[in-house]
Amino acid sequence: MGVAKPPDTIRTSGLGSCVGVVLYDETKKVAGLVHIMLPDSSLSRSETPNIAKFADTGIKGLEEMLLKEGAQKCRLKAKIAGGAQMFQFSSSKEIMRIGQRNVEAVKRVLKELGIPIIAEDTGGSSGRTIEFNPATGKLMIRTVNQGVNEI
Amino acid sequence: MIHPKIDPMHLDILKEIGNIGAAHAATSLSLLLDKRIEMHVPKAEMITFNETMNLLGVPDEVVVGIYLRLEGDLEGNMFYVLPIEQANRFIRRLLKNKRFDLRTDVSELGLSAMQEIGNILSGAYLSALSDFLQLKVCSTVPGLAIDMFGAIISLGLIEISRVSDYVIVIHTSISEEGKEDSGMTGRFLLLPSPESFNVIFKALGVR
């Protein structure tokens with residue numbers, strides 16, 4: 001979880017079933033990125049959970065960070081990418097569908113917080129490297145087979 | 001801290017598990033390809049998720065990855081990852097097709113040959129593990145992906161992330177004889193679930 005202001009960009013590499021959530025304020029030109037691994041903090045069995053890993057606590061934590069950096073809550077927008085299923089299994093184990101569950105959870109939390117999703121590139125079966133530029137509001141997404149794409 | 005009792009002695013024991021598993025896998029690969037296969041010194045370490053993603057240098061390094069979930073007495077995740085060029089060499093030898101390339105050839109045959117190599121190697125690794133520990137270790141049918149290392153390995157971190165931000169990785173690499181410096185190394189990465197460490201140590205009579 002981190003924030004960036006121009007001229008810096010913010011990126012995360014090798015997203016599989018995890019979801020990269022970018023929140024940004026276009027006017028203030030500040031953006032934050034959090035790397036979600038699991039849908040909900042209630043899944044944690046740790047006494048001192050790292051809030052950044054879970055969709056509910058991670059997105060709320062990132063929102064707070066951005067507000068401290070001067071972002072306005074009503075101007076916050078989101079772009080999301082990731083949530084792939086890297087391996088195809090017939091297994092009914094929930095863990096195999098974790099990408100899809102992460103995406104669903106991220107969308108639910110953003111809706112609760114009233115943050116609109118401007119663009120998304122989710123699902124599929126490819127890993128992604130993503131980089132957000134707070135100056136332009138563009139999210140660059142690179143995959144092994146489809147090259148570079150901007151949303 | 002979720003693994004309070006892990007000290008250097010425990011890591012040494014886990015390293016031995018990697019040693020035994022990979023030695024059997026290397027023998028199988030050698031028989032399959034009729035080629036000498038070398039095994040390198042195994043490692044067992046407790047590292048952060050970030051360090052795990054960076055085990056090969058960068059998380060978006062493109063690799064061939066075979067993935068299995070372990071079930072039974074021992075739970076966790078196992079990966080066999082190798083550079084695309086190394087996989088190509090194996091498949092070419094197996095299919096007797098000198099021009100085969102996973103990057104351009106999308107035929108089912110190549111992928112299924114790779115899957116089969118993964119199947120045989122991981123089977124050898126796991127049966128050795130199972131014999132050594134006298135535990136029942138089953139696994140899912142291996143899945144195959146050609147993608148970014150980070151995207152592949154992170155699947156092994158998800159369950160662990162419920163309890164910890166650290167993971168114990170038991171890794172061993174094997175390569176064709178004389179090729180260990182050319183970056184042509186395949187790696188076995190075993191990521192037991194946190195609950196499985198006690199099972200392993202108990203099976204070996206270690207406290």
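Over the C-alpha trace of chain B, radius of gyration and Dmax come out as 16.5, 53 angstrom. Look at the stretch A:52-65: the mean tally of other chain Cβ atoms within 10 Å of its residues' Cβ atoms is 1. Taking the chain by itself as reference, the stretch B:143-165 contains these residues with an accessible-area loss of 50 Å² or more in the full protein complex (1.4 Å probe, heavy atoms): B:Asp147, B:Met148, B:Ala151, B:Leu155, B:Ile158, B:Ser161, B:Arg162, B:Val163, B:Asp165.
Viscosity 1.002 mPa s, temperature 20 °C: Stokes-Einstein D of the protein assembly as shown from its Kirkwood Cα radius, in µm² per second?
Rounded, D is 101 µm²/s.
Over the stretch B:110-207, the alpha carbon radius of gyration divided by the compact-protein estimate 2.2 N^0.38 Å works out to 1.22.
Here the sum of -39500 (n - 2.57) over DSSP H runs of 4 or more residues, divided by the residues of chain B, equals -13500 deg cm²/dmol at 222 nm, to the nearest 500. With a 1.4 Å probe and all protein chains left in place, how much of the accessible area of the protein assembly as shown comes from carbon and sulfur atoms, in whole percent? Using a 1.4 Å probe with all protein chains present, the protein assembly as shown comes out at 49 percent carbon and sulfur. For helix B:84-95, report the angle its Cα long axis makes with the longest principal axis of the Cα atoms of chain B; keep it between 0 and 90° and round to the nearest 10°. Approximately 60 degrees, to the nearest ten. Think of a 1.4 Å ball rolled over the protein heavy atoms: the stretch B:1-66 then has 50 Å² of accessible area per residue. On a per residue basis, the convex hull of the C-alpha atoms belonging to chain A measures out at 103 Å³.
Take each residue of peptide A:12-21, count the partner chain Cβ atoms within 10 Å of its Cβ, and average: the result is 6. Just in the stretch A:28-71: which GluC sites (Glu not before Pro) are loop by DSSP and have at most 11 other Cβ atoms within 10 Å? When the GluC sites (Glu not before Pro) of the stretch A:28-71 are filtered for loop state and at most 11 Cβ neighbours within 10 Å, A:Glu47 remain. Excluding ligands, DNA and RNA, the accessible surface per residue across chain A is 45 Å² with a 1.4 Å probe. For the stretch B:69-207, the solvent-accessible area works out to 40 Å² per residue, with a probe of 1.4 Å and every protein chain left in place.
Rounded to the nearest 20, the size of the Cβ-charge dipole of the protein assembly as shown about its Cα centre is 620 debye, with Lys and Arg at +1 and Asp and Glu at -1. Angle of helix B:108-133 to the longest C-alpha principal axis of chain B, folded into 0 to 90 degrees and rounded to 10: 30°.
Determine which lysines satisfy two conditions relative to B:Lys136: a Cα distance under 26 Å, and not lying fewer than 8 residues away in the same chain. In chain and number order, the partners are A:Lys93, B:Lys5, B:Lys15, B:Lys43, B:Lys202.
Chain A contacts chain B over a buried accessible area of about 2500 Å², both sides summed; the probe is 1.4 Å and only protein chains count.
Annotation for B:Val41 and B:Arg103: the two label points, set 7 Å from Cα along the Cα-Cβ direction, are 3.3 nm apart. Taken residue by residue and averaged, Cβ atoms of other chains lying within 10 Å of the Cβ of B:54-60 number 3. Across the stretch A:36-151, C-alpha contacts under 8 Å between residues 6 or more apart give a mean separation that, scaled by the residue count, equals a relative contact order of 24 percent. Relative to the longest principal axis of the Cα atoms of chain B, the long axis of helix B:8-33 lies at roughly 20 degrees.
The values are calculated or read from the model by the stated rules, or taken from the named source; none is laboratory data. Treat the numbers as computed from the prediction; the structure is a model and nothing was measured. So basically every Cβ, Gly included, is an ideal-geometry build from the backbone, and we count neighbours across all protein chains shown. When the accessible area is computed, the model is the full protein with side chains, heavy atoms only, and any ligands, DNA or RNA have been set aside. Shrake-Rupley method; radii C 1.70, N 1.55, O 1.52, S 1.80 Å.
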